[in-house]
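The values are calculated or read from the model by the stated rules, or taken from the named source; none is laboratory data. Please read all numbers here as calculations on a predicted model, not as lab measurements. Every residue, glycine as well, gets a Cβ built from its backbone with ideal geometry; the counts of neighbours run over all protein chains shown. Remember, those area values only see protein heavy atoms, side chains included, never the ligands or the DNA or RNA. Shrake-Rupley method; radii C 1.70, N 1.55, O 1.52, S 1.80 Å.
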Amino acid sequence: MDKQQKMQQLREFAAEIRLETLKVIGSRGFGHVGGSMSMADAMAVLYGEVMNIDPKNPRWEDRDWFVLSKGHGGPVMYATLGLKGYYPMENAYTLNQPGTDFPSHTDRNKTIGVDLTTGSLGQGMSEAVGAALGNKVQGKTSHVFVAVGDGECDEGQIWEAAQFAAHYKLGNLICLVDDNKRQLDGTVEDVMSHGKGIGAKFDAFGWNVINVEDGNDVEQIYDAIQAAYAVTDQPTALILNTKKGKGATFAEPSGAHSSQPTQEQWDEAIAASEAALAEIRGK
């Protein structure tokens, strides 16, 4: 299979993830649509092509790890894992219900395929750094991927972990920054500006930094990860310039963080997502 065929498959997978993410959150009627939908393309590349995983053996010791530090984006992970066969997709439609295995924030003790529990912002980055160091000490060749939000980067713990990772030359760690320019209370620029930019901060801490101009383009994400693999003595930060709510008709225009649309709006969004998937499949 040539590269363009792979990219076509990844675009289709991303569209499937978006559709299922809407269905997962829609089963509850409200939730973190914005930051889930903006990550669909990155999740497609990670789980559809680059990560070394085995859905039949989720705790395989030599697997690549993924940590969703922005744990409130759990629905996009639940959709991805379901589509990859870790569990029946419909199981995730119990999102945040009493007794569910699919809580609002990802929990490794509840959901098959979740490598590390996250939720309190910033802490997942430290967990990922610990996992990367542990794997390196054990001589493993696997990678640890961690996704953080641009708003999450307000947390000081992100930068403590970043300094640690650079000092210990964790070239097996790749951080994907979901730089969608918005957080709970407004734009990142208004709430807590990152000054010269998140990429400049990671660079100052000693990381290899790759700016992905369109963080919702699977080919650009794929190429950036391949470039990151070539750097073995530094952790890499991929700055994904994304659109919050990408693909959700009621969330993308406003960049909403959390949404509680009407049933009519849910139906419209799901129908639009189904049409987008059909269009990609028809190409």
What are the ³J(HN,Hα) values, in whole Hz, obtained from phi via the Karplus relation 6.51 cos²θ - 1.76 cosθ + 1.60 with θ = phi - 60°, for each residue of the stretch 206-220 in sequence order, with x given for Gly and Pro? x, 8, 6, 10, 10, 8, 9, 4, 10, x, 10, 10, 4, 5, 5
For residue 181, list the aspartates and glutamates whose Cα falls under 18 Å from its own Cα; do not include residues on the same chain fewer than 8 positions away. 41, 150, 152, 154, 155, 189, 190, 213, 214, 217, 252
Counting only DSSP beta bridges with both residues in the stretch 96-213, what percent are antiparallel, rounded to the nearest 5? 25 percent
Helix 263-282 axis, angle to the chain major axis (alpha carbon atoms, nearest 10°): 70 degrees
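What number comes out for accessible area per residue over the chain if the probe is 1.4 Å? Units Å², please. Don't skip to the end; give the middle numbers.
Numbers: 11960 Å² over 283 residues.
I get 42 Å² per residue for the chain.
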Give me the orientation-averaged projected area of the Cα convex hull of the stretch 57-215, in nm², one decimal. 10.0 nm²
Between residue 175 and residues 5 or more places away or on another chain, the pairs with built amide H atoms under 5 Å apart involve 146, 236, 237, 238
Rg/Rh over Cα atoms for the stretch 1-61, Kirkwood Rh, comes to 1.05
Between the stretch 239-283 and the stretch 206-232, what's the alpha-carbon centroid distance in Å? 25 Å
Normalised contact order of the chain, rounded percent, pairs of Cα under 8 Å and 6 or more residues apart: 23 percent
Looking at the stretch 157-283, send over the antiparallel percent of its DSSP beta bridges, to the nearest 5. 15 percent
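Highest mean first, how do 64-73, 78-87, 162-171 rank when packing is the count of other Cβ atoms within 10 Å averaged over residues? Walk me through the numbers before you get to the answer.
Values: 64-73: 26.8, 78-87: 22.2, 162-171: 19.2.
Order by mean packing, descending: 64-73, 78-87, 162-171.
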If one puts a single equal scatterer on every Cα of the stretch 188-283 and applies the Debye formula without solvent, what log₁₀ I(q)/I(0) results at q = 0.22 Å⁻¹? -1.11
What does the highest-first list of 150-160, 195-205, 35-45 look like by mean Cβ count within 10 Å? 35-45, 150-160, 195-205
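Given the chain, what whole percent of its Cα pairs are spread farther than 26 Å?
Pairs farther apart than 26 Å: 37 percent.
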I need the P(r) histogram for the stretch 124-172: all alpha carbon pairs, bin width 5 Å from 0 out to the longest distance, whole percents. 5, 22, 32, 23, 12, 5, 1
Looking only at lysines whose Cα falls under 22 Å of residue 84's and that sit 8 or more positions away or on another chain, we get 3, 6, 23, 56, 70, 110, 246
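Report, in deg cm²/dmol and to the nearest 500, the calculated mean residue ellipticity at 222 nm for the chain, where each DSSP H run with n ≥ 4 adds -39500 (n - 2.57) and the sum is divided by the residue count.
Details: 10 runs with 116 residues, N = 283.
For the chain, the value works out to -12500 deg cm²/dmol.
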Using Cα centres only, tell me the gap between the stretch 121-186 and the stretch 12-34 in whole Å. 25 Å
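What Kirkwood hydrodynamic radius, in Å, does the stretch 53-145 give when the mean of 1/r is taken over all pairs of distinct Cα atoms and then inverted?
13.6 Å
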Nearest-5 percent of antiparallel DSSP beta bridges in the chain? 10 percent
Which ³J(HN,Hα) values, rounded to whole Hz and listed in residue order, are derived for the stretch 9-18 from phi using the Karplus coefficients 6.51, -1.76 and 1.60 in 6.51 cos²θ - 1.76 cosθ + 1.60 with θ = phi - 60°, glycine and proline given as x? 4, 5, 4, 5, 5, 4, 5, 5, 4, 4
Accessible-area composition of the chain, carbon plus sulfur, in percent [1.4 Å probe]: 47 percent
